[in-house]
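Okay, so here's the structure we're looking at.
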Amino acid sequence: METILIDCVRNSLRHLLYRNAIFMCERLCAEFPSETNSQLLAACYLQDNKAYSAYHILKGAQQAESRYLFATACFQMDLLNEAETALCPPSEPNVEVPNGAAGHYLLGLIYRYTDRRRSAVHHFNQALSADPLFWAAYEELCVLGAAEDGNATFGESASLYVQKKYSGHGLVSQSMTSSTENTNSVPVRNLSPHDPSPRQVKNLHSNTLKDNPGSHGTALSGGASGQPVNGSFANMSFYSTPSPVTSQISAAAPPPIYRNIQANGPNPNLLGSDGSPRSTINSTMHAPRRKFVDEGKLRKISGKLFDSGPRRSTRLAGESGHNTGSSVTSSTGNGTSYSSKYLGGSKLNSVAFRSVTFRKAQARGSESFDEGVQQESCDDSRPSMTTTSTSSLACDTKFLEEGILMATGGPIMSESQAITGASDLIALLAILGEGYRLLCMYVCQDALDVYRRLPQKHYNTGWVLSQVGKANFELVNYLEADRAFSQARLISPYSLAGMDIYSTVLFHLKEDMKLSYLAQELVSTDRLAPQSWCAMGNCYSLQKDHETALKNFQRAVQLNPRFVYAHTLCGHEFVALEDFENGIKSYQSALRVDERHYNAWYGLGMIYLRQEKFEFAEHHFRKAFHINSRSSVIMSYLGTALHTLKRSDEALVVIENAISADKKNPLPMYQKANILTSMEKFVLALEVLEELKDYAPHESSVYALMGKIFKRCNMHDKAMLHFGLALDLKPSATDVATIKAAIEKLHVPDELDDPL
């Protein structure tokens, strides 16, 4: 009865019938109460996005697997202290973290979100050491700015690990060791981080669980891996993609799985014979958006004459998730989806091995479905029951390999196949990892160059194209970013990763129709995803309806409190409404989630600059600059803050660097002319402004500043001409009043007290 119930639960989870799985698993626990069966019930509830139920079921459980599941439930409920205690009990300081790489990864997330960066980096590195294919851990290191070069992380040692894991020699030797432990029962053991065949990590939705809270959390498909003689549930692991399995109870034995293995590598549709489900909950970096400054246009920030209110900045963020993150990246980055959506890339992977007893010259036609291990005759064409020892040994070896295949969930490969496959996979991950690392460090052009080295079939995937779009967005190549994100939408219309950044791209391009259509599509796809409401908020913000935009951004925060970009967008809208106090709170909330979210530092600097708190402004702009040292906009405003602090020489150096970083950005050129004017270097200032007219021919600020300079030089005719040109370009009402006042005082000596 217990075996039948376990199989029923497993099949229900495989077919996403969570209500049925929970009901049958409750019968199982009532009839056969045990901690292992409680683990299966908790997995059912986690799969059904009911972490609170799993929390109460496993509270106080002591097994390593139970502690990991309990910590997962706590993490999804944002009970980070309890999650940490479950993984690292204070009473047992030397206890091993359960589930190896997955446990270290979960612990790293806990440390990250409790602002213990060094410990987080340590555990993410531990996860990668235990499993070099743990991509989610590498993503988190990139988001934290602590990742090694992709070629170093995914190098020769990682390739050797994969070869050892999937080669026939490694698997056979592992199973031989296991079979000597107990020939009559199914041992339950957690594989150590250095086990030759550790658990696999599979990302359910690439990076989207971190970025997409509508994905409803963990994919915990539970199931019994085997039924030991004592009647307890042996173990379980998590899987992300269900695959067909043989009929559970059948009189006729199906063909051996080993015969169905393709010669060229693993069959992705095969699961282990234990039927164990595997789960991952992804994380991701979430990229932020620029609110105050459009680098395609001139910005006016110093002095009252040309302060036309807040503008959108460059994408001043880091996430994921992105979720992620997450989403993250989270990415995404990367912010994860932090009810059941916060955890990224976790896995449960204790694998139960069934030892096999070999008897020479004995037909093996029986099959044990309840234990998930097929036993089949090696070859129906063998000559007789009295085979030689050599042929019997060959038959036993083949049968052993079949058992290993079922237990590990993957095929046995020859050494040459393992070498080739490992080399190809590691080379691919090295390119992806290096590109992602460079993007997180905001070395965007280099990241694009790395991504271009990808094979076409990998480059033309939703995740890669979203990263390409983000890189172009950072470089202010909005048209290229639009193309990349549009292509990503065509290839992966179901993925919302990076769509918050895409909506900001359309905002800067003022594509109100495309932005409106995108927002409606995202909401209809998943109305519980923060990306959907960020896009909707950008729609209203583009229409200058800042109050409605703010409500949409707050909805995104409500859906995922760790979606860092949504906090920043709230701050931008508060500033647009001149509610600086709440704007500061929103930016600080973003920094509590991700201290490398540089556009939150930038937003705080802009508020303090407007409040004329120039020391605070300089501090926050410098913090943003240390994170993203290639942003022309950040350098421009840092130079402005230094200039207001009477540090003009230092400001000129920063402004020159800003001009070199982006020669197409007119903002630093205008600031340079402004600083030179205040230093009474009028000739140099006019030279800069003459050059600037080519970049911003319709910017009234340029002509107004030239008029002021000509007035100081007592060239009244030219001053009047340029003041008139400035008025013809229809500046803001405040600027119009200031320019007219300057015209009225044209023949009055003026020391240019108000810098422009």
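Annotations
- Ratio Rg/Rh, restricted to the range 535-684 and using Cα atoms, in which Rh is the Kirkwood radius: 1.03
- Gyration tensor over alpha-carbon atoms, the range 1-159, equivalent ellipsoid semi-axes in Å: 32, 18, 14
- From the largest down, the range 466-512 spans 25, 22, 14 angstrom on the principal axes of its Cα atoms.
- Extents of the range 488-573, largest first, come to 33, 27, 18 Å (Cα atoms, principal axes, whole angstrom).
- Computed with a 1.4 Å probe over protein heavy atoms only, the accessible surface of the range 473-581 comes to 41 Å² per residue.
- Distance from the alpha carbon centroid of the range 669-696 to that of the range 537-599 works out to 35 angstrom.
- Intensity falloff of the range 85-155 expressed as log10 I(q)/I(0), Debye formula with alpha-carbon point scatterers, at q = 0.21, 0.22, 0.24 Å⁻¹: -0.83, -0.90, -1.03
- Percent of alpha-carbon pairs separated by more than 15 Å within the range 440-487: 36 percent
- Rounded percent of accessible protein surface that carbon and sulfur make up, the range 415-565, 1.4 Å probe: 53 percent
- Listed residues 596, 118, 647 arranged by accessible area, highest first, probe 1.4 Å: 118, 647, 596
- Taking 1.306 mPa s as the viscosity and 10 °C as the temperature, the Stokes-Einstein diffusion coefficient of the range 2-49 based on its alpha-carbon Kirkwood radius rounds to 157 µm²/s.
- Distant-in-sequence amide contacts of residue 167, defined by a placed amide H-H separation under 5 Å and a gap of 5 or more residues or a different chain, comprise nothing.
- For the pair residue 715 and residue 653, label points projected 7 Å from Cα toward Cβ lie 3.2 nm apart.
- Tensor-based shape of the range 472-627 (alpha-carbon gyration tensor, a/c under 1.5 rounded, otherwise prolate or oblate): prolate
- The value given for the range 645-756 is a Kirkwood hydrodynamic radius of 14.3 Å, derived from the mean inverse Cα-Cα separation.
- With q set to 0.17, 0.28, 0.30 Å⁻¹, the log10 of I(q)/I(0) for the range 627-668, from the Debye formula over equal scatterers at the Cα positions, is -0.36, -0.88, -0.97.
- Label-point gap, in nm, between residue 23 and residue 59 - each point 7 angstrom along Cα→Cβ: 2.7 nm
- Where N is the number of residues in the range 5-82, Cα Rg divided by 2.2 N^0.38 Å: 1.03
- Total charge dipole magnitude, the range 585-690, about the Cα centre, Cβ charges on Lys, Arg, Asp, Glu only, Debye to nearest 20: 380 debye
- Whole-number D in µm² s⁻¹ for the range 430-525, Kirkwood Cα-pair radius fed into Stokes-Einstein, 10 °C, 1.306 mPa s: 119 µm²/s
- Full-extension gain in nm, residue 664 to residue 517, via 0.36 nm per residue minus C-alpha separation: 49.9 nm
The values are calculated or read from the model by the stated rules, or taken from the named source; none is laboratory data. Given the structure is predicted, the values throughout are model-derived calculations rather than measurements. When we count neighbours, we look across all protein chains shown, and the Cβ atoms used for this are built from the backbone with ideal geometry, even at glycine. Calculation scope for accessible area: heavy atoms of the full protein, side chains included, ligands and nucleic acids excluded. Shrake-Rupley method; radii C 1.70, N 1.55, O 1.52, S 1.80 Å.
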